[in-house]
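First the structure, in the form of structure tokens, and then the observations on it.
Quick note: the coordinates plus some simple rules give every number you see, no bench work behind them. Remember, predicted model here, so these are calculated numbers, not experimental data. Cβ placement follows ideal geometry from the backbone for every residue including glycine, while neighbour counts extend to all protein chains displayed.
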Amino acid sequence: MTDTTDSPEGQTDSSPADPDVAKDSPPIPEPPSSIPEPGDQDERIGKKRAALRETVVLAVIALVLYYVMLTFVARPYLIPSESMEPTLHGCSGCAGDRIMVDKLIYDFSSPHPGDVIVFKGPPSWSVGYKSIRSHNPAIRGLQNALSFIGFVPPDEFDLVKRVIAVGGQTVQCRNNTGLTVDGRTLNEPYLDPAVSNADPAVYRCRGSEFGPVHVPPGRLWVMGDNRTHSADSRVHCTSTPEDAINGVLCTGDPMAGTVPVDNVIGKAQFIVWPPTRWGVVRSVNPQQNN
């Protein structure tokens, strides 16, 4: 016999404690996984700070290395004038060459005839030099920054010329012999008559006759490749009145027209800009091509 006294007719007994009913209950939601734990958030912040510190340290190291390179190894320079054409471009209206100057080479050797060098102009050469920097502090700061990477000339009287004679040699030029060192006529393939607008068969000195100049020890006689447009040793030398009257220059004190070797910053090695002129700067010894 089945007991149905406490159950209404047509209903069955379904206790909440019944295991089958418990399975149909909604699941208890779990905490969203996107909410970071406090420890995880601190770890991510720490990683970001570490990455930032590493970036700053690497940037500082790169700047220090770049400064060391510019100071002691090599530095780019802008060619601002046409005195070294066609070897180096700096004419009005054209893209001035940027050259890389090797500052280490003369720590182990001395300048040789034919080397293209960058040097600080001696005091007598710098008379009348005016700063090329703007009076506006902001613009001047920008110019100094661009000068640091070689896109603006340094605010100093730095020049680029070719070494013609070194200490102990004698240089002179006469219209019947041309430019000579120790009595030997030089062969200068880097000169271009079309650039200097002077026929070498007629104007062999490409200017006034000069010398003889006995270059003192530790000094250099330098000239531009564009001889008719170069303020070089010929311009800064002294002349005796008697010779000057006869049109022969540079027969006075040889110190004024020569450059101390200690003033040499380095040797021009490469043209690094513009890309159309990338290449090596030729150092041709004219005394070995007779």
Amide H contacts under 5 Å for G167, restricted to residues at least 5 apart in sequence or on another chain and with H modeled in the peptide plane, are G218, R219
Mean Cβ-within-10 Å packing, highest first, puts peptides 209-222, 120-133 in the order 209-222, 120-133
Separation of the S131 and N197 label points, Cα + 7 Å toward Cβ, nm
3.5 nm
Compute the length gained on full extension between A62 and Q269: take 0.36 nm times their separation in residues and subtract their Cα-Cα distance, giving the result in nm to one decimal.
72.2 nm
Difference of contour (0.36 nm per residue) and Cα-Cα distance, S124 to T170
14.4 nm
Report the local net charge at I105: Lys and Arg +1, Asp and Glu -1, summed over other residues whose C-beta lies under 14 Å from its C-beta.
0
Sequence order, region 99-106: Karplus ³J(HN,Hα) from phi using 6.51 cos²θ - 1.76 cosθ + 1.60, θ = phi - 60°, Hz rounded, Gly and Pro as x, gives 10, 9, 9, 7, 9, 9, 4, 8
